[in-house]
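Just below is one structure, and these are the notes that go with it.
The values are calculated or read from the model by the stated rules, or taken from the named source; none is laboratory data. Remember, it's a predicted structure, so these values are computed and weren't measured experimentally. Every residue, glycine among them, receives a Cβ derived from its backbone with ideal geometry; neighbour counts consider all protein chains shown. Keep in mind that these areas ignore ligands, DNA and RNA; they rest on the heavy atoms of the full protein, side chains included. Shrake-Rupley method; radii C 1.70, N 1.55, O 1.52, S 1.80 Å.
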Amino acid sequence: QVQLVESGGGLVQFGGSLSLSCAASGIIFSAYFMGWYRQAAGKQRELVASITSGGSTNYTNSVKGRFTISRDNAKSTVYLQMHSLKPEDTAVYYCNVRVSVGSYWGQGTQVTVSS
């Protein structure tokens, strides 16, 4: 069974940093494209950053230059390092993997940036 478990969220001041982790199990992690999404209150879930099995990355414009996605295939873990955080980054952050039988989400981790 596929499981994704996020950790690392919390409360941080404007301009601060946080690092999120997502540990995967039940899949051959190295083979899969991984994504970090976020959903702010009252808004749709959006893709923030993604990383291919080969390590190529992509970011939504609002986080470019501030967030970095990476993966450690030996630990079956994907990371999201977030710097220069802004109040508009406040959201629940989810990691996601799409496999042949469906799309899986973690339980989410809350990130709150105070102004």
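Across all directions of projection, what mean area in square nanometres is found for the Cα convex hull of the chain?
Values: hull surface 26.9 nm².
Reported value for the Cα convex hull: 6.7 nm².
Give, in nm to one decimal, the length gained when the segment between residue 31 and residue 107 is fully stretched (0.36 nm per residue of separation minus the Cα-Cα distance). Mind showing how you got there, number by number?
Details: separation 76, 0.36 × 76 = 27.36 nm, distance 2.19 nm.
Additional length available on full extension: 25.2 nm.
Calculate the spin-label point distance for residue 14 paired with residue 72, positioning each point 7 Å from the Cα along the beta-carbon direction, and give it in nanometres.
3.4 nm
At 1.4 Å probe size, with the rest of the protein present, what percent of the exposed accessible area of the stretch 4-115 is carbon and sulfur atoms?
Details: 2790 of 5670 Å².
Carbon-and-sulfur percentage of accessible area, whole number: 49.
Suppose all protein chains stay in the model; what accessible area per residue would a 1.4 Å probe give for the stretch 1-73, in Å²? Could you put the intermediate results ahead of the total?
Details: 3930 Å² over 73 residues.
Per-residue accessible area for the stretch 1-73 comes out at 54 Å².
Please compute the length gained on full extension between residue 88 and residue 114, using 0.36 nm multiplied by the number of residues separating them and subtracting their Cα-Cα distance. Provide the component values of the computation, followed by the final result.
Details: separation 26, 0.36 × 26 = 9.36 nm, distance 0.95 nm.
Computed gain between residue 88 and residue 114 is 8.4 nm.
Charges on Cβ only, +1 for Lys and Arg, -1 for Asp and Glu, centred on the Cα centroid of the chain; of 112, 58, 27, which one is farthest towards the dipole's positive end?
58
Where nothing but the Cβ of Lys and Arg (+1) and of Asp and Glu (-1) is charged, how large is the charge dipole of the chain around its Cα centre, in debye to the nearest 20?
Values: 9 positive and 5 negative charges, 27 e Å.
The dipole of the chain has a size of about 140 debye.
Starting from the Cα-Cα distance between residue 5 and residue 64, subtract it from 0.36 nm times their residue separation and give me the gain in nm to one decimal.
Working: separation 59, 0.36 × 59 = 21.24 nm, distance 2.45 nm.
Length difference between fully extended and current span is 18.8 nm.
Using a 10 angstrom cutoff on alpha carbons, build the Gaussian network for the chain and name the most mobile of 91, 41, 49.
Largest GNM mean-square fluctuation: 41.
Which order do the peptides 83-90, 11-18 come out in when sorted by mean C-beta neighbours inside 10 angstrom, highest first? All intermediate terms of the calculation are to be shown ahead of the outcome.
On the way: 83-90: 15.6, 11-18: 13.6.
Order by mean packing, descending: 83-90, 11-18.
In whole Å, how far is the Cα centre of the stretch 28-57 from that of the stretch 60-115?
That distance is 7 Å.
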